Structure formats: C-alpha cells, structure tokens
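The next block holds one structure in the form of structure tokens; read it before the comments.
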Amino acid sequence: MQDEEKFSDDPAENMRMENEFLKLKLKAQYGDAFHVESNTDLPPDIENQFLKRMIAFEANHGDAEVATVYECIGRPAYKSAEELNDFEIPGELQRINAILNEHNIVLNICDGPYPDRLIYTFITEELFAEEANNTVDKEIRHHFTYEEFHPNHKAEITKRTHEFLNHWFTCSFDEYASEISRQIVIPDGRQMDKEEVLEKLRLFFDAFQGFKNDGYNIDEVSFEINPETFIGLGFAEGMLKYDALLEKGEQVHYQGPYKLYMQMENNYWDIFCFIMPGFNW
C-alpha cells in the first residue's frame, strides 16, 4: 500500500488488523471471488505480502492495455519461415523466444518435440496476432500453450492409455480417474455409469493381492475428428501381460491384446469402452 495505516501500537496486532483490512478491501473491490479465508498456518508477514501482491496484480491487470503479442514485444524485425533455410531456422527461433521471454511471454509446448520450422511458423503467423495485457510488471508472465491452438490428438490418446494402464496395474481406479468416461459402453452394447464400472473393477481387483511382472506396448493409435461437430472417436491397442497374485501365494498369468476405445469432446479424450485380458464384463 502506498499509504501505510497504523491500526495498533502492537506490531503483531497491527499486522493482523492490516491483513484483515486488506482482505476486506479485496472483497469490496473485486467481489466474493477474491474472498480470502484466514489461514493460521500462514505467517502474518507472508500473508501480508501475498495480499498486497494480489492487490497490486489486480490493479495492474485492470489498468493494462490489451495489445497483440507482437506489439507487446516491441514489434521486432523478423523474417517469415519461407525466407529462412533449414540452417537459419533454429537460430531465429531461439532469438524470437528470447525476445518473448524478455517481455514475459512464454510459449509452453506439452507434447513435443516439434520441428523448429513448425514452431517458428506458429509464433510468427499465429502467436504474434494473439492478444495479451501489455504490462511492465516483471513478475507477471503470460503463458500460451501450443497444443491449445493445435491439439496433438495422438499424444493425448497415448497419455490416456498410459494413465489407464497405470491405474490397472496398480489396482488404483477411483472417482478421480479422469481417463474413464462418465458413460461406458460394454462389449454387448449395454451402457453403464462410471460408478458402476468402478465398482465392477474394485470387485475384480479385490479378488487378488495385487499384480506383478506387468508390461505393455502400444501398437497402434488411431482417431477421426468430425470437422463439423469437432467430436472425435479413436482407439489405442497393443499387447500386455501381468501376473495376478492370489492369497495363498499362487498366481494367475494374463497375457493378450487390449483395446481402449475413446471419444473426444471439448478437446479432451476419455475412454468409453475397454477390453482387457483377464477382465470379464
């Protein structure tokens, strides 16, 4: 705060009262979305810095002018990708990324690596035209993610596959297993709610002490996207194996092909049907 107010002669009490004042100020100025509950685990001086930082951030955010990314970084000179040969592209990409970082703009790439030419083209032809708050605050960074502009569906299906199989081999499916759809279609065509499927999986896993000697490979990932509805259908398949341990030290070996059928809505893939060795619907 520019004008520090003194609420009490006791420094500790003054800090506590100032923090309460700052919380009220945030709530009055920005609404219930900025209501901050008291946290007894947080030292008052740290909480004080946090609250002041939040006020400064919101003030800066509200006053900031909206401009294109290219304008925010000072409109530097650059060449189009077509003007650069394959030897020049890496150096120019590094230069442009450095300029972006100097102006607190970060391009995140989640599913790469991608060719340098592809990313350079994306930055100069798409990212430069995006809007951002033109702020001078050195601690506020604007993050853009390449896959939000160009989703990598194969990588996302592969991620869901790894998530599902990890939960399978560790017998750890629960309601937070987001790779499973809310509605599951079983092989005979019937539909089941996610809760029913999780219960069926729990009963299957409870029959064993655990799994060991597990392994899998992903042989194929395929998908199709409807260009009108942007709804996708896809699958991942491969081979897997695992040993299921019984109570008396015995074990049952399962091995064979698996297949995970997936659907995509709002750029998120989840599994709506699966076939796994050893598991019967």
Test result for TYR176, under 22 Å from the mean Cα position of the chain (by Cα), surrounded by 13 or more Cβ atoms within 10 Å (Cβ to Cβ) and of a type in the set (Phe, Trp, Tyr)
no
If a residue counts only when it is in the same structural domain as GLU224 (by TED's automatic domain parsing), out of contact with any Asp or Glu (no Cβ under 9 Å at 6 or more places or on another chain) and under 30 Å from ASN280 (Cα atoms), which helices (runs of 4 or more DSSP H) contained entirely in the range 102-209 have at least 2 such residues?
153-169, 194-206
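Could we say that GLY189 is surrounded by 15 or more Cβ atoms within 10 Å (Cβ to Cβ), at positive phi and either among the hydroxyl-bearing types (Ser, Thr, Tyr) or over 29 Å from the mean Cα position of the chain (by Cα) (or both) here?
Spelling it out, it is not the case that GLY189 is surrounded by 15 or more Cβ atoms within 10 Å (Cβ to Cβ), at positive phi and either among the hydroxyl-bearing types (Ser, Thr, Tyr) or over 29 Å from the mean Cα position of the chain (by Cα) (or both).
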Looking for whichever is surrounded by fewer than 17 Cβ atoms within 10 Å (Cβ to Cβ) and at positive phi here; the options are ASN226, ASN166, ASN152, ASN213. Which one fits?
ASN213
Conditions first: (1) outside the structural domain of THR124 (by TED's automatic domain parsing); (2) modelled with pLDDT of 80 or more; (3) surrounded by 15 or more Cβ atoms within 10 Å (Cβ to Cβ). TYR78 passes all but one, so which condition is the exception?
(1)
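Which is modelled with pLDDT under 80 and touching a helix residue (DSSP H, G or I) at 6+ places or on another chain (Cβ under 8 Å), of LEU26, LEU84?
After applying the criteria, what remains is LEU26.
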Tell me whether the range 256-276 contains one or more residues that are over 28 Å from the mean Cα position of the chain (by Cα) and either buried (at least 16 other Cβ atoms within 10 Å of the Cβ) or acidic (Asp, Glu) (or both).
no
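The values are calculated or read from the model by the stated rules, or taken from the named source; none is laboratory data. The structure presented is a predicted model; accordingly, all values stated were derived computationally and were not measured. Cβ: placed from backbone, ideal geometry, glycine included. Neighbour counts: every protein chain shown.
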